[in-house]
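All remarks here apply to the structure that follows.
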Amino acid sequence: MPTRPAFDDDQRRARLARRHRLAPGTAADRAEQVVADLVAVHATDPATVFLAVAARLAVPGVADTERALYADGTVLRRHGPRKTLFAIPAEPGPALYASTTAKAAAAERARLLKDFAASGRDAAWTSAAQDAVLAALADAPDGLTGSQLSELVPQLREAIDYGAGTSYQTVQPVGMRLLRLLGMEGAMVRRRPLGGWTSSRHRWVSGPPVPAVPSAAERAAAQAELAGRWLASYGPAGEQDLVWWTGWGVREVRAALAACAAVEVGLADGATGFVLPDDLEPVAEPAPWAALLPALDPSVMGWKDRDWYLSPGHRSELVDRSGNLGPTAWWNGRVVGGWAQHPDGEVRFELLTDPGTEARAALAAKAAALRALLDGTRVTPRFRTPLERRLTG
């Protein structure tokens, strides 16, 4: 029986550095290149998109990401894996929707209709409210904020009781639930925010026609496409990593790996991973590199099993109570600490292990460059970690 190819942790770190455009000589010229190579960038916190892209541009800044998002529309904000908001390249948008978003949106609509019905608002009422929202957007080509939509559509200002009789009973605005659903379905999309690039107050505009519900065959084909894109950037990786990243079931992941002809390979400690069939050759070790990456950056959130780049002993400082990773400091493919922006604007980092003099100097240079990029803009992660809070104190 032939021996299966094997990839040690050094090779995985080399691939991360090169394919995520963090190694010297790999920086991109345009935001679209970065987002395509990362497949999807967390967009729940708006600053993550801009800082993740800036960290990988030959000329760091936020203007090119604004161009891609708001002028050219070549990078889109869409709900994707695990019902989370991501920035994605426009080209694989249909595959993301068919593979992942359509099923999640259908489940969300079913829950919304059930919850609305429990508060005396039937399907006809919900349909009328939805039509009113879309009509308001059709009359506002420059877009409307959620507050402006609520002024124009009174139904959005109503509230429903959620979880009555349970420990999590609360009151939810209709607008919060309905606008989120329409955003998931793509009937309305986020455009340029009010204020600066860190703002969460986006304008909504009408989206393209919502695609038909994909057939089982279309969903499977789209899952194979997305799995292939992910493996090209994150492989070798384990089955459990793709289950975690996509939110798909184990059977779906196994079918997608088979459909894209993924090859089984060995990882450290005897674990099993997968790569694409044309990706079995090792990549060259990159020159030493440092990076300060934002909270929820794809390079730290891309895998479920992270021991090969994130020491288990560092997690209590860098992870919040929900499992979200905060801002991280990297040296040669390993997370060695974290960073934060102090109220005076200074970018400070703290090392959780001593990577040596060269690393400290390189990270200090990255901190100075990041402060210059921020240029007075304050960035506070939405999901705060112990180390980040300490550095801002």
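The values are calculated or read from the model by the stated rules, or taken from the named source; none is laboratory data. None of these values were measured; they are calculated from a predicted model. Here Cβ is always computed from backbone atoms with ideal geometry, including for glycine, and neighbour counts include all displayed protein chains. Heavy atoms of the whole protein, side chains included, go into the accessibility calculation; ligands, DNA and RNA do not. Shrake-Rupley method; radii C 1.70, N 1.55, O 1.52, S 1.80 Å.
Overview of results
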read-out: Residues (touching a residue at least 12 places away in the same chain (Cβ under 8 Å) and polar (S, T, N, Q)) located in segment 330-389; value: ASN332, GLN341, THR353, THR377, THR380, THR385
read-out: Qualifying residues in segment 222-255 (those that are in contact (Cβ under 8 Å) with a residue 40 or more places away in the chain and aliphatic (A, V, I, L, M)) - the one nearest to PHE86 (Cα to Cα); value: LEU226
read-out: Tally, over segment 189-220, of residues that are without any contact (Cβ under 8 Å) to a residue 40 or more places away in the chain and of a type in the set (A, V, I, L, M, F, W, C); value: 5
read-out: Extreme residue, surrounded by the most Cβ atoms within 10 Å (Cβ to Cβ), among residues of segment 294-318 that are small (Gly, Ala, Ser) and more than 10 Å from HIS42 (Cβ to Cβ); value: SER299
read-out: Top-ranked residue of segment 69-99 - restricted to ones that are touching a Lys or Arg at 6+ places or on another chain (Cβ under 9 Å), within 17 Å of VAL210 (Cα to Cα) and part of a helix (DSSP H, G or I), ranked as most open to solvent (accessible area, probe 1.4 Å); value: TYR97
read-out: Flag for VAL347 being at pLDDT 95 or above and under 27 Å from GLN240 (Cα atoms); value: no
read-out: Filter pass, GLY323 being within 28 Å of PHE274 (Cβ to Cβ), of a type outside the set (Ser, Thr, Tyr) and free of Cβ contacts under 8 Å to residues at least 12 places away in the same chain; value: yes
read-out: Count of segment 172-184 residues which are out of contact with any strand residue (DSSP E or B) (no Cβ under 7 Å at 6 or more places or on another chain) and open to solvent by 30 Å² or more (accessible area, probe 1.4 Å); value: 2
read-out: Members of segment 123-173 that are in contact with a Lys or Arg (Cβ under 6 Å, 6 or more places away or on another chain) and part of a helix (DSSP H, G or I); value: SER150
